[in-house]
Amino acid sequence: MKNRRINGNALEMIMRDVMQGMLCFTGESCRDSESGKMDIIAVEEAENTTTQTAIVIPFPGKSRSSD
């Protein structure tokens, strides 16, 4: 699997789109709701069938070992 990097501007645009989508969804979902009341439809435990992994991409500049 190739390491893929995303630049800061593209990441910011993606996050803005996600936040805008969340705001629209929340606004539509809450428009007809009763203030101070919450109905819990379902609670399910997430199924985690994959191991969690992360790739650390070091930022250019001073490394921590030079402190």
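The values are calculated or read from the model by the stated rules, or taken from the named source; none is laboratory data. As the structure is a prediction and not an experimental result, all values here were calculated from the model. Reconstructed Cβ throughout: ideal geometry from the backbone, glycine too, with neighbour counts over all protein chains shown.
Residues in segment 14-52 that are charged (D, E, K, R), assigned to a helix (DSSP H, G or I) and modelled with pLDDT of 80 or more: R16, D17. Condition check for L11 on (1) in a loop (DSSP other than H, G, I, E, B); (2) at pLDDT 80 or above; (3) surrounded by 10 or more Cβ atoms within 10 Å (Cβ to Cβ): one failure, at (1).
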